[in-house]
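The values are calculated or read from the model by the stated rules, or taken from the named source; none is laboratory data. Here the structure is a predicted model, which means the values were calculated and not measured. Every residue, glycine as well, gets a Cβ built from its backbone with ideal geometry; the counts of neighbours run over all protein chains shown.
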Amino acid sequence: MRSLVAYSLLCLAAGCVLFSTDGGHTCRDEDVGAPAPLQRNPDTLICESIGVPPCDPACGPCPAVDSPAVSWGICGSPCETLDRAACAASTSCRVVLEARCAVSGTCTDDFLGCFPTDQFADPAVDCAAALDGTTCSRSANCTALHRNDPCPADAPCPQQFAMCLPEGVSPGTCKGQVACDALPPPCPANTTPGIAGACWSGFCIPNDICEP
């Protein structure tokens, strides 16, 4: 163990630096656990502090980590300032739509926001097969539909993931006339085959986001 007298603390306007007078390790404030950046939960769209703070063990004991870090996009990303067209054109941002508006087609605008892709992006993701927000968020080619349910104003408002689509593709509607001879896709319980252009869209729409 190094002697405590071998270290000095230098404080300037920019912060404090602990340095060794015997040629040992130099430690900065951020080496002993800076706050982790907020990350956007792709299942709820809520910003959460879940990452592991940076920590250099040589500068002191690192905090225990109860859960592994996740690779969700960082909150406050430049993506969040983009409109729908600019978001769709970006290779690092993804479009998120309001689920019920996207299905009914009766809203003035179904654009819920633009968010960064997962930090471990994978453009090969099969958007139509993605069953959760995390998988959907890994590709800028995927559009996520989220439920925009009302919630208390004094609490974080989760906007739950509903389904994932290829960018620019409509899920169809739950109601309408089907004039083609094709069979509907096999849909799991509590979902309805989507209808588009008088035939099946190929998507299974959760019943709770179907049009009234």
Item checked: Sole exception among (1) assigned to a strand (DSSP E or B); (2) under 12 Å from Ala102 (Cα atoms) for Ile195, by number -> (2)
Notebook entry, point to check: What about Ala85, is it at pLDDT 70 or above, more than 14 Å from the chain's Cα centre (by Cα) and either part of a loop (DSSP other than H, G, I, E, B) or not β-branched (Val, Ile, Thr) (or both)?
Noted result: yes
Margin query: If the requirement is being over 30 Å from Ser49 (Cβ atoms) and either among the hydroxyl-bearing types (Ser, Thr, Tyr) or in a loop (DSSP other than H, G, I, E, B) (or both), which of these qualifies: Pro158, Pro188?
Written below: Pro188
Check: Inside the stretch 104-136, can you point out the residues that are part of a helix (DSSP H, G or I) and out of contact with any Asp or Glu (no Cβ under 6 Å at 6 or more places or on another chain)?
Finding: Cys127, Ala128, Ala129, Thr134, Thr135, Cys136
Check: Which residue, of Ala162, Ala130, Ala140, Ala124, is modelled with pLDDT of 95 or more and within 12 Å of the chain's Cα centre (by Cα)?
Finding: Ala140
Notebook entry, point to check: Which of the residues that make up the stretch 45-77 are in contact with a Cys (Cβ under 9 Å, 6 or more places away or on another chain), modelled with pLDDT of 70 or more and assigned to a loop (DSSP other than H, G, I, E, B)?
Noted result: Leu45, Ile46, Gly73, Cys75, Gly76, Ser77
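Looking only at the stretch 112-133, which residues are over 19 Å from Asn207 (Cα atoms), in contact (Cβ under 8 Å) with a residue 12 or more places away in the chain and surrounded by fewer than 17 Cβ atoms within 10 Å (Cβ to Cβ)?
Here is the first cut: in the stretch 112-133, the residues over 19 Å from Asn207 (Cα atoms) are 112-127.
Then drop every residue that is not in contact (Cβ under 8 Å) with a residue 12 or more places away in the chain, which leaves 112-125, 127.
Residues satisfying the conditions are Gln119, Phe120, Asp122, Pro123, Ala124.
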